[in-house]
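Values in this text are rule-based calculations from the coordinates and carry no lab data. Remember, predicted model here, so these are calculated numbers, not experimental data. A quick note on method: Cβ atoms are made from the backbone with ideal geometry, for glycine too, and the neighbour counts reach across all protein chains shown.
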Amino acid sequence: MNARCTCMLLTLGLSFVLLAGCDRDQYPASLEYTFTPYPRKVAKTITIKREADGKVVQVGAEGPPAAAPDVLAALGADLQPGQEKGVGVDAQEILDIPYERQAAINSELKQFFGTPRDPRVEVSEEIINDPEMRLQPEHLQEGSKLYRKLCLYCHGINGDGAGPTGAFLNPRPRDFRRGIFKFRSTVKINPDNKKPDPPAQVTPSFDDIKRTLQRGVPTASMPSFNLLSDRDLDALVSYVIHLSLRGMAEYQLATGETDDPEQATISAAKRWLYGSARGGPNRMEKAVYVPPAMPGGWGGTLPTSAELKESPGLKVYRGDGKCVECHWTDGRSNPLDVPTNLGRMNDWGQLNPPRNLTTGVYRGGARPVDVFWRIKLGIAGSGMPAAADTLSDEDIWHLVDYVMALPTQQR
Amino acid sequence: MRYFWALLFLTVPVLGVGLFVFSYLRPGGWLPSNVSTIGDEIDFLFYAILAITGVVFVLTQLLLVYAMVTATGRTAGKSTYTHGSKQLEIAWTLLTAAILLFIAFYQVPTWAKAKFFGQFKEAHPDIKPTALVVASQFQWQTRQALWDDAANKPREFNWKSPNFRDSFEMYNELHMPAGEPVLIYLTTRDVIHSFWIPAMRVKQDALPGTVIPVWFDASKLKPTDFGPEKTKEFEWVCAELCGWGHYRMRAKVVVHATREDYNAWLKQKTAELNTVKKKEGA
């Protein structure tokens, strides 16, 4: 065999061997959490006008208009040529800070939150060991390994939803960093009997996040991790909470709400666990809302179209529930019927119009109680308001009955 | 060296057969043990085809190596001009065609038993679907019937238009009773996926725009096969490339020991779904 053949065979052989790759099961020790920009929604009021040629434009726009052309056209649908009016639109802005400040925040928070390989949360033992948090360092390390294997490429190393795969997905992966989670069963309670803050920004319970992991989010790219063991799921939930706490602390420092990283950390942890920065074990402001039993239980038969027309749920839907304003009478939330739906954004500045209720897909869970929670507690980060103050539990159950029958109706 | 190329080509049948033998001997390296009734026929067909193609494969490869060995080092001489042998060519074409036709017709009854819905319906006119299985990128969603406390049996589950009153959703999990045929309806929300339970020898593509009946059973299980909760889990995977997440589209089939166990689970699951705990472990 000549030298050429030997070289060729050796190269082939070596390539096969190297294909196997090197595998580590943890983040590298030198990797640290870093600040990445925060996308968020800002509500703007602009003046729009219909020009002589029929196009609706923004008046006095410096640079690109605040909303897309189709949004402007929809909002200005009722304008005559030459007429103008003021409207509110959603826009996305990116919170970014100078590089020196970023580096300062990164190193400040490193003492309190550690590194991806070695995560921790420097708060009181009481908070760390609370079953709603489980932030023990060994537990977080297990979570970190699983997160790196299963979640990192969509949700990013620091939980910003901007991992390498994230840009290709619609809806985008969740940005954990502001402590806003859509699917919760928690409500703000009011230990002092004063009017509580709006429940929309309450953090979820441990179980809420776990349920999302188990179920996935149907029609979004979040898969179901039902096959992971309980222990693995618990570790992941704790790690997500850790990322969320770090983000909440970082956000306070980045927006200038506080300059003290220790205070930012403690207030983030207290807000998560107790429902507010002032809260404590004896002054809980957050609780899982357990609804009264569904009238008639979860059974019976689906109402016919005729029965549905007479149902109490329909009366709530078209009356006190104010559902028609966004979801329209047929539940389709079609922007042709509700022009303001077109440009609606969520708190992260991503397009997030009111849901079409006739698809039969419930991203937060398809049990009646899940839909009950969405209505009663609202969907944090989105425009779905909480009905806790406006509707009684009985009315909400009627509404659930009605809404969940919509997908099977003939049109 | 003299016989380098001949030896190189000899590695093909040697490695080929060697890999099969190695897989067979290695635990978990061969077919998962079959638990369904149709599996016997399917496995027999698999082995029959493996035997036929294996023998032909080894023979042709050895012939090739033999030709290379005898040709090696032969000094150049006067070539013969030949058209080959017409009889030989006809013979090996007809023989191959005959083998293929045989295989094609031999497997028809098994295919009919596994895929002809009419035949299945005739054999089981009263069977009710256990689940509606919806494939999506990248997980499986199953809808199974709720338990009807009043009538003490599972609800009538309308697979064409399931709703929250007759069924509930689960993800990456399918429950079924052992010892009887199970019917599911399979569809997909987006692209082509494929419903595959290796141990039950059932595979069916889920095609967009269709709802396809699929039937299978787990009849070869003994009471000792079941774990402490009287269940046994089987792997269920997607068998059609559906995107970047195809590799992770794994799910589990949970087989309950008897129909009564399955009903008990349905009853318990319905009750569980109806209750809300304030805190973990409450």
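Worth pointing out:
- Net +/- balance of residues flanking A:Val316 in space, Cβ distance below 11 Å, scoring K and R +1, D and E -1: -1
- Most fluctuating residue given options B:Thr96, B:Thr37, B:Thr53, as computed from a GNM of chain B linking Cα atoms under 10 Å: B:Thr96
- Share, in percent, of DSSP beta bridges within the protein assembly as shown that are antiparallel, nearest 5: 85 percent
- Listed residues A:Asn352, B:Ala114, B:Val69: farthest to the positive end of the dipole of the protein assembly as shown (Cβ charges): B:Val69
- Here the dipole of the protein assembly as shown is about 1480 debye; that uses its Cα centre as origin and unit charges on the Cβ of Lys and Arg (positive) and Asp and Glu (negative).
- Percentage of interatomic Cα-Cα distances in the stretch A:115-272 larger than 29 Å: 15 percent
- Across the cross-link table entries B:Lys128/B:Lys232; B:Lys128/B:Lys153; B:Lys128/B:Lys222, which are compared at the Cα atoms, the separations over 20 Å belong to B:Lys128/B:Lys232; B:Lys128/B:Lys222.
- Residue-wise HN-Hα coupling along the stretch B:170-175, computed from phi with Karplus coefficients 6.51, -1.76, 1.60 (Hz; x: Gly, Pro): 9, 10, 6, 8, 9, 10
- Per-residue Cβ neighbour rank within 10 angstrom, fewest leading, B:Leu31, A:Leu357, B:Leu100: B:Leu100, B:Leu31, A:Leu357
- Computed over chain A with a Gaussian network model linking Cα atoms closer than 10 Å, the most mobile of A:Ile209, A:Ile379, A:Ile189 is A:Ile189.
- Charge dipole (the stretch A:99-288, unit charges on Cβ, about Cα centre) - positive-most of A:Ser276, A:Asn106, A:Gln263: A:Ser276
- Hz values of 3J(HN,Hα) by residue in the stretch A:346-361 - Karplus curve (6.51, -1.76, 1.60), Gly and Pro given as x: 8, 5, 9, x, 9, 4, 8, x, x, 6, 6, 7, 9, 7, x, 9
- Listed values for the stretch A:45-60 are Karplus-derived 3J(HN,Hα) couplings in whole Hz (6.51 cos²θ - 1.76 cosθ + 1.60, θ = phi - 60°), namely 10, 10, 9, 10, 9, 8, 6, 4, 7, x, 6, 9, 10, 8, 8, x, and x replaces Gly and Pro.
- For A:Trp373, A:Trp328, A:Trp348, B:Trp244, order by how many other beta-carbon atoms lie within 10 Å, fewest first: B:Trp244, A:Trp328, A:Trp348, A:Trp373
- Volume per residue of the C-alpha convex hull in the protein assembly as shown, rounded to whole Å³: 269 Å³
- Relative to the Cα centre, the charge distribution of the stretch B:124-260, modelled as +1 at Lys and Arg Cβ and -1 at Asp and Glu Cβ, gives a dipole magnitude of about 160 debye.
- Cα-Cα separations in the stretch A:305-408 greater than 18 Å, expressed as whole percent: 46 percent
- Under the criterion of Cα pairs below 8 Å and six or more residues apart, the relative contact order for chain B equals 18 percent.
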